[in-house]
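The values are calculated or read from the model by the stated rules, or taken from the named source; none is laboratory data. All figures in this text were calculated on a predicted structure; none of them were measured in a lab. Cβ placement follows ideal geometry from the backbone for every residue including glycine, while neighbour counts extend to all protein chains displayed. SASA here: full protein model, heavy atoms, side chains in, ligands and nucleic acids out. Shrake-Rupley method; radii C 1.70, N 1.55, O 1.52, S 1.80 Å.
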Amino acid sequence: MKEHKAPATGSPARRLSKAERRQQLLDTALLIVREENADRLTLGHLAVRAGVSKPVVYDHFATRSTLLIQLYRWIDMERVRTFTEAMSATPRSQQETVQMLASAYIHCAADKTDEFHAVGAALAGSEEKAVVFQELLDNCVAMFASILTPHVNMTPQSLQQCCIGLVGAGEALSVALTRGRLKETEAVTAFASLIGGLIQTGES
């Protein structure tokens, strides 16, 4: 989280815009989950850690559930953005692309210690989580389509439809992994095979 310091002239620090304040609160909420745990993430505690009054926090997040949902969404969007940028920064072979996509997706499912899973656990059973989770799956489909576009000769619509199937398969493999029916290496190998099959189909 960036510190907003007063200029050297001694004049007051610039007042944060609404968007900047919201981001500061999300950054602080993430720190609370990381350094303490998701159970400690309450609106009151967030106000204390962020150094603001409770009404400021309530102005951005009416309830704890709202805060958790927004944090859940933001963490996932940042993961997708970071991975997409990393993949597009350097040209990669088809084999590298397939392996990195499969490994990253399955690893995220296997790692139950990160903040995303901690916040998701705090939201367990909520209707809001189910809605947001579908939104995150849609974001993942868009990420797959973006990364695979250079490697296939398909219309955008056809590729998107195939990526919906890939992400669905990735979720099924992730569930099997968490239930102990597959090892992580087995899940990655299976998912890489499916992604590679799509590329071969798109080339024909």
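Evaluate the range 68-77: report whether one residue or more is in contact (Cβ under 8 Å) with a residue 60 or more places away in the chain and open to solvent by 30 Å² or more (accessible area, probe 1.4 Å).
Yes: one or more hits.
Determine whether the range 89-99 contains at least one residue that is modelled with pLDDT under 90 and of a type in the set (D, E, K, R).
Yes, the conditions are met somewhere in the range 89-99.
Any idea which of (1) loosely packed, with under 12 Cβ neighbours inside 10 Å; (2) not in a helix (DSSP H, G or I) is the one Val52 doesn't satisfy?
Condition (1) is where Val52 drops out.
Considering only the range 79-196, give the helices (runs of 4 or more DSSP H) lying wholly within it that have at least 1 residues that are open to solvent by 50 Å² or more (accessible area, probe 1.4 Å) and over 28 Å from Ile69 (Cα atoms).
Hits in the range 79-196: 94-110, 156-178.
Please name all residue pairs, on different chains or six or more residues apart, with Cβ atoms under 9 Å, provided the first residue is in the range 19-31 and is touching a residue at least 12 places away in the same chain (Cβ under 8 Å) and basic (Lys, Arg) and the second residue is open to solvent by less than 60 Å² (accessible area, probe 1.4 Å) and in a helix (DSSP H, G or I).
Arg21/Ala50; Arg21/Val56; Arg21/His60; Arg22/His60; Arg22/Gln70
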